[in-house]
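See structure below.
The values are calculated or read from the model by the stated rules, or taken from the named source; none is laboratory data. Treat the numbers as computed from the prediction; the structure is a model and nothing was measured. For neighbour counting, all protein chains shown are included, and Cβ atoms are generated from backbone atoms with ideal geometry for every residue, glycine included. For accessibility, only protein heavy atoms count, side chains too; no ligands or nucleic acids. Shrake-Rupley method; radii C 1.70, N 1.55, O 1.52, S 1.80 Å.
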Amino acid sequence: CAVKAAQVLSEIAKNEEMKKPCIEADLVLTLIPFLESTDQEMLLHAGRAIGRICYDDRDLQEELVKVGVITSLVRILTDYAESEPLVHVDLLALYNLADLDMAKEALSKTKIAEQLVKQLRRAESHERLEIVFEILQALAENDALKVQLVEAGVQEVLSEILLRLEGSSQAEDTCILKAASDLIVSLLSGAISIVVCLLSLTCLVLPLSSDGNCVQMVQLGVIDQLLDLLEKHVESGDVSVQHAALSVLRNLAIPVVSKVQMLEEGVTERIQALLRSEIAPVQFKLLGTLRILADGQADAAEILGQDPMLLKRLVQWCTANQHSSIREEANRLLASILRHNRSQEVVKAIQEAKGVKHLVSMATSEHAAMQNEALNALAIASAIDLETLEESFKESQLVQSLHKLLQDDNTSPEVKCNSMSLLCCLLNSGDLKQEIEEDKIKQTLEELCRHSNTNVVKEAVTTLQLLREVT
């Protein structure tokens, strides 16, 4: 009769007025041993009865934890993971107990993390996802459980969920997306295994669209968590955390709307604390992150371009012979600052930091993308303040470098066009115009008027015309 009796009690306990008589009759402690049963029907009814009697009664819930109910709940979730009714009852019980510190402590000594991650992965309904998220959010307040969750791969499942629901406008999906993002924020604060979570987050926040995961994560406050982590681990010297956190920040900074919010939160100033780092991977990630932030953002370019410490460090990195990747990234950041700024002060600051010669060298790089970035940056800077740059251009033999690019058959059409655009800017300087004439660039331009690429021909004709007008 035990199964039937448990079923009757689970029905009686639905009535609020009947809970007190059940408690007074000591039915909770009587039912607990039946949670060790192998009869699934008994487990179901006993679990429901206990859950309903103890619902919203903190004293009873603490009593349950003291007598070892946590072990029973984890065992049921492990042994009957495929039984939907049992799993549902079990999760509800965990949901009711998860806020108790003593329950968290007891759960930290079990394999609950693995089981919850498994249930999160197989959950199909919004209701199931929501209850698992609620439990996980409560458990993430405990450092030991947080580590276990990360090690169990919860961040990978969160990634799958966010990618699956990304872009959905349904209210239920929006709630799930918020819950998943909130959980990630919780995992990012203070976990010992934070690097594992951060590395997974790097893939998670690769932007799929302007309103994708990156934007949502920034809006939910991930940036502050990442910056706090960075500042903390700059002091401790934990390279893996610095590298991983910068990787996430870099990806988060790609959507324009995220850049604006990140700038408003002072990201550019806060991450510059890493400028003193001598660790190559950290330097490389820092440069990439700052470059992405400056991309298309005049405000960011002006902040970075007027920071003497940053410019001094950048110029040092532009000559990092041991690390070509750092050297290239430093040059690209310098070019990006000039390309996206509209300030005469920035041009003067880069000139004073002796950064112009590095951009001229970058224009003759073996990579077409870098050549174009440098040429565009120099053209914009010339349009803003050619007078300030004139002497550096002469010392670094910019005119001669441009001529070589135009003469070289291996130079891409886009680089040739950008080289001619820059030449047109230089014609506004008497000394540089004279160098252009002395280097006989006019003859090369005439040859380019017969080039196979129509854009090159058009640019050559325009440049020739302008050259004839000013001479």
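All told, Lys394 meets the bar of being in a helix (DSSP H, G or I), within 24 Å of Ser343 (Cβ to Cβ) and in contact with a helix residue (DSSP H, G or I) (Cβ under 9 Å, 6 or more places away or on another chain).
Residues in the range 60-79: is at least one of a type in the set (Ser, Thr, Tyr), surrounded by 13 or more Cβ atoms within 10 Å (Cβ to Cβ) and farther than 21 Å from Glu105 by Cβ?
no
For Gln297, the conditions (1) touching a Phe, Trp or Tyr at 6+ places or on another chain (Cβ under 6 Å); (2) surrounded by fewer than 23 Cβ atoms within 10 Å (Cβ to Cβ) all hold with the exception of (1).
Just to check your reading of the model, which residue among Val234, Val257, Val248 is open to solvent by less than 10 Å² (accessible area, probe 1.4 Å) and either of a type in the set (Val, Ile, Thr) or outside any helix (DSSP H, G or I) (or both)?
On the way: Val234 fails: open to solvent by less than 10 Å² (accessible area, probe 1.4 Å); Val257 fails: open to solvent by less than 10 Å² (accessible area, probe 1.4 Å).
The match here is Val248.
Tallying residues that are among the polar types (S, T, N, Q) and surrounded by 22 or more Cβ atoms within 10 Å (Cβ to Cβ) within the range 413-471 yields 3.
Go through the range 317-376 and count every residue that is of a type in the set (Asp, Glu) and crowded, with 17+ Cβ neighbours inside 10 Å.
In the first step, residues of the range 317-376 are kept if they are of a type in the set (Asp, Glu); the result is 328-329, 345, 352, 366, 373.
Filter again for crowded, with 17+ Cβ neighbours inside 10 Å, leaving 328-329, 373.
The qualifying residues number 3.
Determine whether Ser365 is among the small types (Gly, Ala, Ser), touching a helix residue (DSSP H, G or I) at 6+ places or on another chain (Cβ under 6 Å) and not in a helix (DSSP H, G or I).
Values: among the small types (Gly, Ala, Ser): yes; touching a helix residue (DSSP H, G or I) at 6+ places or on another chain (Cβ under 6 Å): yes; not in a helix (DSSP H, G or I): yes.
Taking the combined requirement at face value, the residue satisfies it.
Residues in the range 397-410 that are touching a helix residue (DSSP H, G or I) at 6+ places or on another chain (Cβ under 8 Å) and free of Cβ contacts under 8 Å to residues at least 24 places away in the same chain: how many? Can you show your working first?
Let us first name the residues in the range 397-410 that are touching a helix residue (DSSP H, G or I) at 6+ places or on another chain (Cβ under 8 Å), namely 397-403, 405-407.
When the remaining residues are screened for being free of Cβ contacts under 8 Å to residues at least 24 places away in the same chain, the result is none.
Of the residues in that region, 0 qualify.
Please find, within the range 303-316, the residue that is modelled with the lowest pLDDT out of those that are part of a helix (DSSP H, G or I), closer than 22 Å to Asp385 by Cβ and open to solvent by 10 Å² or more (accessible area, probe 1.4 Å). Per the criteria, the residue is Ile303. Looking only at the range 137-155, filter to residues that are within 22 Å of the chain's Cα centre (by Cα) and assigned to a helix (DSSP H, G or I); which one of those is modelled with the highest pLDDT? Looking at the filtered set, the residue picked out is Gln137. Here the helices (runs of 4 or more DSSP H) wholly within the range 1-57 that include at least 1 residues being of a type in the set (Ser, Thr, Tyr) and without any contact (Cβ under 8 Å) to a residue 24 or more places away in the chain are 27-31. Applying the set (1) open to solvent by 10 Å² or more (accessible area, probe 1.4 Å); (2) in a helix (DSSP H, G or I) to Glu124 leaves exactly one unmet item: (2).
Taken together, Ala349, Ala320, Ala379, Ala335 contain a single residue that is outside the structural domain of Glu438 (by the TED database) and in a loop (DSSP other than H, G, I, E, B), which is Ala320.
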